[in-house]
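A.B. asks: The following block contains the structure, expressed as structure tokens.
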Amino acid sequence: MPIFTPGARWQAPYSPFKKEPLSRRMLAELEKLIKGPLFGCRMCGNCLLQETAFICPMGCPKGLRNGPCGGSTPEKCYVDESRPCIWYEIYDRSFKMGREEMLLEVLPPLDWDKVGTDTWGDVWDQARRVGLKKVFTGLVTTNVHKRAHTWEQVFQPVRQPKWWSGDARYHPPAYTEPITELERRLKAGEFVVTTEVHSPNGTATGRLTRAIEMVKPHVAAINFTDGSVATAHMSSIACSVIAKEHGAEPVFQLSARDRSRTNIQAEVVGASALGIHNVLCLTGDSPRIGPAPMGNMDYIDLESVQMIWVLRKMRDEGVYLDGRKIPNPPQLFIGAAASPYASRPEFQAIRDHKKINAGAQFFQTNLVYDPGGLDVWLEYLDKRGVLDKVYILVGITPLRSAKMAKHIHYDVPGIVLPKIIIDRMEAAGDGAEEEGVQIALETIEAVRGMKGVNGIHLMAMGWEEIVPRLISEAGIGRAEMVAAAR
């Protein structure tokens, strides 16, 4: 397997934010000259090539350093359709090289003090600390295990600085009693239903509160989106506070796209202080699919895997990313999104395994219209031994028209609608909404008995009025299930 990356996608290399000594500047220029053509290197100063099958992840327009987004496909990047998905290429090559398990290591965000500078100098300094003679003999030995150990002694401290110390191990929560009602119900083995209420575009809260009151008796918790489709509306934290005031349990969605590592940590501490403890960690939709003028696409400071890692350590170890102790750590039930249909299921299973290892306790999946495909993804998670380490809530949205079905299938990354579903919606004509309800009910019935499925997440997309009916007719509400058990 060649190391060279054919047709490496060139993006401008970073410039340093400080003046380096002449020797390091010369070394950086040499590193750029060699690694640029070979790997599409952007001189991030935090090189991860050994972990990413020698394909630079900084070729990802989102700047993701821990795997693909939910819109990954083998054909192209949905943010920049002129190029393939760099993370699909990384996963594909890793599997072919037998290096796929290396993808589980939770890799750090950029240290912007190093951005634009060389990495080779750091490698040399670490080799000197280990001992140059020891490194040389360790790398030329015929003993494969000793050679790998020597390699790790040099490169592991470089890619995993002490302030991060990422690994590939599972980190269970450090507490035992449930933090939220949502967690309590899931741990009790209930088939749980959550839903999503559309956030207002303005300051008026009448429709929001009516929707909360309408769905509250039927669900365990209510999600509020956070700048979905890179579009501004009332913040998730504000909607969550309003939900609590009306006696509903909120799920605070936190998108990394619009935030720095500083205010991610600050918002989570503030949310916990307000009694909001369910947090769904999201990388966020690219500004590419949002309205004009387009927002900043330069980088995402912390993507979802890194966010999960940071929040778990804040909760369980009581430390901020910078190492400061937190006197009263936040109480958090940490969730993440999952995309069963993005790229290949074995790729997604590793990506989601990584989220579970980092600290994700529940998944709310992208929209499911193909139960068979969902089952394949669940089987891959089961093979990886993590299906019992996370609660999975399957995303369901009732379709309202054939136009909506086609839009979701063709324009929304990471979601697939079987042709038969689109055909049914087209044939329904004026009865399209009712047909969409029946498709949703059939999907719920198909997935509720699958191994690893712990509940349903209903995303009504502004059609909150349909939520009580779906829950009642599917027999998945708490009252309905208690009655059925009798």
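Here, each number is a calculation from the coordinates, and none is a lab measurement. None of the values given here were measured: they were computed from a predicted structure. For neighbour counting, all protein chains shown are included, and Cβ atoms are generated from backbone atoms with ideal geometry for every residue, glycine included.
A.B. asks: Treating each Cα of the stretch 220-301 as an identical point scatterer and ignoring solvent, apply the Debye formula and state log10 I(q)/I(0) at q = 0.11 Å⁻¹.
C.D. replies: -0.30
A.B. asks: Now for a different question. Tell me the angle of helix 345-358 to the major Cα principal axis of the chain, expressed in degrees between 0 and 90 and rounded to the nearest ten.
C.D. replies: Roughly 80 degrees between the two axes.
A.B. asks: Under 37 °C and 0.692 mPa s, how fast does the chain diffuse according to Stokes-Einstein, given a Kirkwood radius computed over C-alpha pairs? Answer in µm²/s, whole number. Mind showing how you got there, number by number?
C.D. replies: Working: Rh = 23.8 Å.
Estimated diffusion coefficient is 138 µm²/s.
A.B. asks: Sort 194-203, 424-433, 451-460 for me by packing, meaning the mean count of neighbouring Cβ atoms within 10 Å per residue, highest on top. Write out the running numbers ahead of the final one.
C.D. replies: On the way: 194-203: 18.8, 424-433: 15.1, 451-460: 22.4.
Listed from highest to lowest mean packing, they are 451-460, 194-203, 424-433.
A.B. asks: What residues of the stretch 392-420 lie in the reach of a label at Ala427, counting those whose backbone N is under 11 Å from a point 7 Å from the Cα along Cα→Cβ?
C.D. replies: 420
A.B. asks: Grab the alpha carbons of the stretch 22-130, take their convex hull, and tell me the volume per residue in Å³. Don't jump to the answer; show the numbers that get you there.
C.D. replies: Values: hull volume 13.4 nm³, N = 109.
In the stretch 22-130, the Cα convex hull volume per residue is 123 Å³.
A.B. asks: For the stretch 92-199, which trypsin sites (Lys or Arg not before Pro) are both in a DSSP coil and crowded by at most 16 other Cβ atoms within 10 Å? Mind showing how you got there, number by number?
C.D. replies: On the way: sites: Arg93, Lys96, Arg99, Lys114, Arg128, Arg129, Lys133, Lys134, Lys146, Arg147, Arg159, Lys162, Arg169, Arg184, Arg185, Lys187; in loops: Arg99, Lys114, Lys162, Arg169.
Counting only loop positions with at most 16 other Cβ atoms within 10 Å, the trypsin sites (Lys or Arg not before Pro) in the stretch 92-199 are Lys162, Arg169.
A.B. asks: May I pose another question? Using the Cα atoms of the stretch 179-337, I'd like the radius of gyration and the largest Cα-Cα distance, Dmax, both in angstrom.
C.D. replies: Calculated on Cα positions, Rg and Dmax stand at 15.8, 47 Å.
A.B. asks: Restricting to DSSP loop positions (anything but H, G, I, E, B) with no more than 13 other Cβ atoms inside 10 Å of their own Cβ, which trypsin sites (Lys or Arg not before Pro) remain in the stretch 313-386? All intermediate terms of the calculation are to be shown ahead of the outcome.
C.D. replies: On the way: sites: Lys313, Arg315, Arg324, Lys325, Arg351, Lys354, Lys355, Lys383, Arg384; in loops: Arg324, Arg384.
Filter output for the stretch 313-386: Arg324.
A.B. asks: Moving on. Per 0.36 nm of contour for each residue apart, how much would the distance between Val144 and Lys325 grow if the chain were fully extended, relative to their Cα-Cα spacing? The partial results should precede the final answer.
C.D. replies: Values: separation 181, 0.36 × 181 = 65.16 nm, distance 4.10 nm.
Extra length available between Val144 and Lys325 comes to 61.1 nm.
A.B. asks: Between the helical axis of 304-316 and the dominant principal axis of the chain, each derived from Cα atoms, what acute angle in degrees is found, rounded to the nearest 10?
C.D. replies: 90 degrees
A.B. asks: On to the next question. Against the longest principal axis of the chain, how steep is helix 402-411, in degrees 0 to 90 to the nearest 10, with axes from Cα atoms?
C.D. replies: Orientation of helix 402-411: about 10 degrees from the principal axis.
A.B. asks: Right, next: Could you work out [θ]222 nm for the chain from helices alone, using -39500 (n - 2.57) per DSSP H run of at least four and dividing by all its residues? Round to the nearest 500 deg cm²/dmol. Intermediate values should be presented prior to the final figure.
C.D. replies: Values: 17 runs with 198 residues, N = 486.
The helix-only estimate for the chain comes to -12500 deg cm²/dmol at 222 nm.
A.B. asks: Using 0.36 nm per residue of separation minus the Cα-Cα distance, give me the extension gain between Ile289 and Asp111 in nm, one decimal. Could the numbers behind the result be given before it?
C.D. replies: Values: separation 178, 0.36 × 178 = 64.08 nm, distance 2.81 nm.
Gain on stretching Ile289 to Asp111: 61.3 nm.
A.B. asks: Could I ask something else about it? Over the chain, what is the relative contact order in whole percent, taking alpha-carbon pairs under 8 Å and six or more residues apart? All intermediate terms of the calculation are to be shown ahead of the outcome.
C.D. replies: On the way: 875 pairs, mean separation 71.0, N = 486.
With pairs under 8 Å counted, the relative contact order is 15 percent.
A.B. asks: Enumerate the lysines that Lys133 could reach by cross-link, defined here as Cα to Cα under 21 Å, with residues fewer than 8 away along the same chain left out.
C.D. replies: Filter leaves Lys146.
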